[in-house]
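The values are calculated or read from the model by the stated rules, or taken from the named source; none is laboratory data. These numbers were taken from a predicted model, which means no experiment stands behind them. For the accessible areas, the whole protein counts, side chains as well, though only heavy atoms, and no ligand, DNA or RNA atoms are used. Shrake-Rupley method; radii C 1.70, N 1.55, O 1.52, S 1.80 Å.
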Amino acid sequence: MRIRDRVACPLVFHGGTGIPADQLREAVLLGVAKINIAHGFRKAFLDGADAYLRKTEGASDPREVLREAEEAAVRYAVEKMRRISA
């Protein structure tokens with residue numbers, strides 16, 4: 001009997017950042033409802049901020065830095081979702 005058949009709550013896959021997309025797709029097919037990718041999401045955010053600061057030496061508006069960081073994190077999440085659902 002599968003876990004999803006024995007529990008009445010959604011299954012969550014923790015630590016999905018480094019797992020290949022084909023394995024995550026399989027997990028979804030087996031009943032996983034949520035995949036946590038926080039490590040990759042945070043790394044994308046920080047890398048986005050770092051890239052912006054490097055290309056705009058002397059940037060002084062934190063809103064611009066945060067906007068770039070947020071956009072990088074969103075790109076990461078969208079790409080991860082696209083690869084899992086492909």
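Grab every C-alpha pair in the range 16-86, bin the distances at 5 angstrom width from 0 up to the longest one, and report whole percents.
Taking every Cα pair in the range 16-86, the percentages come to 3, 17, 23, 18, 13, 10, 8, 5, 3, 1.
So what is the 222 nm mean residue ellipticity for the chain from helices alone, if each DSSP H run of at least 4 adds -39500 (n - 2.57) and you divide by all residues, rounding to the nearest 500 deg cm²/dmol?
Numbers: 4 runs with 55 residues, N = 86.
Counting only the DSSP helices, I get -20500 deg cm²/dmol.
Can you grab the distance from the C-alpha centre of the range 1-24 to the C-alpha centre of the range 46-73, Å, no decimals?
34 Å
Given an 8 Å cut-off on Cα distances and at least 6 residues of separation, report the relative contact order of the range 28-80 as a percent.
Taking the mean separation of contacting Cα pairs over the length of the range 28-80, I get 44 percent.
Over the heavy atoms of residue 85, what accessible area does a 1.4 Å probe trace out, to the nearest 10 Å²?
90 Å²
Return one whole number: the accessible area per residue of the chain in Å², for a 1.4 Å probe.
I get 74 Å² per residue for the chain.
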